[in-house]
Each structure stands twice: as C-alpha cells, then as structure tokens.
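Colleague: Structure below; questions to follow.
The values are calculated or read from the model by the stated rules, or taken from the named source; none is laboratory data. Bear in mind that the values here come from a model prediction, so they are computed numbers and not experimental data. Every residue, glycine among them, receives a Cβ derived from its backbone with ideal geometry; neighbour counts consider all protein chains shown.
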Amino acid sequence: MNIIKFYTILLFTITSLASSVIFKRDDTTIENEEIASEECAIELKNSDLGRCMPKIDLSNYKRKCEDMYSEKCQRFYESDLTKQFPICSKNSMFKEFIQPIVFKQVINSLSFKCFFDEKGNLCPYSLHVLTHTGGEMAIDDTCYSEKCTDDLVERAKRFNLESIGAIENLSFMEEKFSYQEIKAIDLMISKLESDECKSRHIMTSNAYTVKVNSILLMASLLLLILFY
C-alpha cells in the first residue's frame, strides 16, 4: 500500500554540450508495513503533509504553489517532524526521510515547480520541470526575467555536496550522482549569473512573450521602412 510519495532528488544531467543542462526528478515511494499501518495512515492524513508536499501539475500549480508558500506550510517545514509523526517515525525509512538535511532538499526540489516572474506568470524553468520538456531552452528563456533567474540560482545553490551525500546515503535510494551531474549544477548557475544572461533581464517582461514581442517589433519596423 502506497501511503506517501515524495520527491527526494533532482538529478542534473549534462548533454553533449557543456552548457546544455536538463533538470529532471525521480519519484521515490516508501512501501513498508509499519508506514502502511492504520495508525500511521491516520497520522499522515491528519497532518499538513499532503497540503505542504502536494502533487503539482499544470492544472493546479497556482493553488498548490500558494499552499507551499503559505505561513502554515513554512511553519510545517521548520517543525520537528519526529514530533509531528511519532508513529510513522518509528519506521527507519520514514525517519531517514524526515531528517532535516534530506527533508529540506525534498522541499527545495518541489519549489522548482513554483517559480513566478515579475507579472506572476510561471517561469520557463518551472514549466520545464512540470512538462519535462524544454531543456536548454528553458535555461535561456529564464534570463529574460530577473526574478526567474534569481529564484532559480538561489534554489540551485542549496544543492551542495553535503546534502547530495545525505540523499545518496538513504538506505532506500539506489541512484548516485555522477561527477557530470554534480558539475552540471555549477554550470547552470554560472550561465545564469553570466553578464550575457544579466544583460537580457527585462524587469517588467513576461518571460514567455518577450521574444514574440521583439519579433513583432522588428516586423513593424521593416514594414515602416518598406512603405515609407
């Protein structure tokens, strides 16, 4: 019986081009008799876990992201989860999951689905994470919004060797980070912090439509030249 599904790692994989970084996530499911017990199920159901660790997709991202950023969920993230889940935390795997260094990265991973630009529109990178498409284009388009860029850089920097090591050491995890995957984090951050990226920031832009607007402007100028 599956009681809880959670995001534990975001694997950075590097393509043939050093600057082409793709962000993906793995789902991990804990299946265990003790976690699946009626008492633990009731404990989980009556907690804020479902609200604060939601399944986010394109149909519900606005509401679910608001929940994640709410004061209630922020307090939940910072609380002592062993006290919140005294029954479920008797299970060794569940206790591993809620250890602070791991749980913070779980929440950090979820947050990549909830980046918004200056106009409140979903950032390109969050759209990439939600749709599993876009790849390097999502990184490039992020540069059109300073807020999208800053949020992505700030969250990406939270992945460090200590937190990656803690995730790898989980008894139920089989995935290991390669050298290329770890370095890909730094490559993405460097690209987003570059002068080239910063020069493309448009504070009041919609990160999705700025390219289209630029094309329309150029087309209008060409028409003016041709007819006048």
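Colleague: Please verify whether K119 is among the basic types (K, R), assigned to a loop (DSSP other than H, G, I, E, B), out of contact with any Lys or Arg (no Cβ under 8 Å at 6 or more places or on another chain) and free of Cβ contacts under 8 Å to residues at least 24 places away in the same chain, treating the condition exactly as stated.
Modeller: Taking the combined requirement at face value, the residue does not satisfy it.
Colleague: Right, something else. Residues that are modelled with pLDDT of 85 or more, in contact with a helix residue (DSSP H, G or I) (Cβ under 9 Å, 6 or more places away or on another chain) and either within 17 Å of K104 (Cα to Cα) or surrounded by fewer than 16 Cβ atoms within 10 Å (Cβ to Cβ) (or both): does region 24-43 have at least one?
Modeller: For region 24-43, residues modelled with pLDDT of 85 or more, in contact with a helix residue (DSSP H, G or I) (Cβ under 9 Å, 6 or more places away or on another chain) and either within 17 Å of K104 (Cα to Cα) or surrounded by fewer than 16 Cβ atoms within 10 Å (Cβ to Cβ) (or both): present.
Colleague: Okay, moving on. Does any residue in region 48-72 that is more than 12 Å from C114 (Cβ to Cβ) come within less than 7 Å, Cβ to Cβ, of a residue that is in a loop (DSSP other than H, G, I, E, B) and at pLDDT 90 or above six or more places away or on a different chain, and which pairs are these?
Modeller: As it stands, the answer is K72/D48, since those pairs meet every condition given.
Colleague: Among the residues that make up region 67-74, is at least one of them touching an Asp or Glu at 6+ places or on another chain (Cβ under 7 Å) and over 30 Å from S37 (Cα atoms)?
Modeller: No, every residue in region 67-74 fails to be touching an Asp or Glu at 6+ places or on another chain (Cβ under 7 Å) and over 30 Å from S37 (Cα atoms).
For (1) outside any helix (DSSP H, G or I); (2) farther than 16 Å from R155 by Cα; (3) within 12 Å of the chain's Cα centre (by Cα), each residue gets a yes or a no:
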site	(1), (2), (3)
K72	no, yes, no
F76	no, yes, no
K83	no, yes, no
E96	no, yes, no
F103	no, no, no
Y125	no, no, yes
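Colleague: Which residues, taken from region 128-150, are part of a helix (DSSP H, G or I) and of a type in the set (A, V, I, L, M, F, W, C)?
Modeller: Answer for region 128-150, where residues must be part of a helix (DSSP H, G or I) and of a type in the set (A, V, I, L, M, F, W, C): V129, L130, M137, A138, I139, C148.
Colleague: I'd like to check something: does region 72-79 contain any residue that is touching a helix residue (DSSP H, G or I) at 6+ places or on another chain (Cβ under 7 Å) and charged (D, E, K, R)?
Modeller: no
Colleague: Further, regarding this structure: Can you tell me how many residues in region 77-99 are out of contact with any Ser or Thr (no Cβ under 8 Å at 6 or more places or on another chain) and under 28 Å from E38 (Cβ atoms)? Spell out the reasoning first.
Modeller: As a first pass, look at region 77-99 and keep what is out of contact with any Ser or Thr (no Cβ under 8 Å at 6 or more places or on another chain): 77-80, 83, 86, 88, 90-91, 94, 99.
Next cut, under 28 Å from E38 (Cβ atoms) only: 77, 79-80, 83, 86, 88, 90-91, 94, 99.
Residues that pass the stated criteria total 10.
Colleague: What residue, among those in region 73-98 that are in contact (Cβ under 8 Å) with a residue 24 or more places away in the chain and among the charged types (D, E, K, R), is surrounded by the fewest Cβ atoms within 10 Å (Cβ to Cβ)?
Modeller: Of everything passing the filter in region 73-98, K90 is surrounded by the fewest Cβ atoms within 10 Å (Cβ to Cβ).
Colleague: Right, next: Looking at E181, E154, E162, E174, can you tell me which residue is under 30 Å from L81 (Cβ atoms) and outside any helix (DSSP H, G or I)? Give the steps one after another, and end with the answer.
Modeller: Values: E181 fails: outside any helix (DSSP H, G or I); E154 fails: outside any helix (DSSP H, G or I); E162 fails: outside any helix (DSSP H, G or I).
When all the criteria are applied, what remains is E174.
Colleague: Can you tell me how many residues in region 189-208 are part of a helix (DSSP H, G or I) and either under 17 Å from V106 (Cβ atoms) or at pLDDT below 90 (or both)?
Modeller: 0
Colleague: Keeping to region 71-113, report how many residues are polar (S, T, N, Q) and over 27 Å from N160 (Cβ atoms).
Modeller: Adding up the residues that qualify gives 1.
Colleague: Any residue in region 144-170 that's within 17 Å of S111 (Cα to Cα) and surrounded by 17 or more Cβ atoms within 10 Å (Cβ to Cβ): show its pairings with residues that are modelled with pLDDT of 95 or more and acidic (D, E) at Cβ separation under 9 Å, as long as the two are six or more apart or on different chains.
Modeller: Note: pairs meeting the criteria are T149/E193; V153/E193.
Colleague: Exactly one condition in (1) at pLDDT below 90; (2) among the acidic types (D, E); (3) crowded, with 17+ Cβ neighbours inside 10 Å is not met by E174; state its number.
Modeller: With (1) at pLDDT below 90; (2) among the acidic types (D, E); (3) crowded, with 17+ Cβ neighbours inside 10 Å applied to E174, the lone miss is (3).
Colleague: May I pose another question? Within region 99-143, take every residue that is surrounded by fewer than 20 Cβ atoms within 10 Å (Cβ to Cβ) and among the aromatic types (F, W, Y) and give me the one that is nearest to Y69 (Cα to Cα).
Modeller: It comes out as F116.
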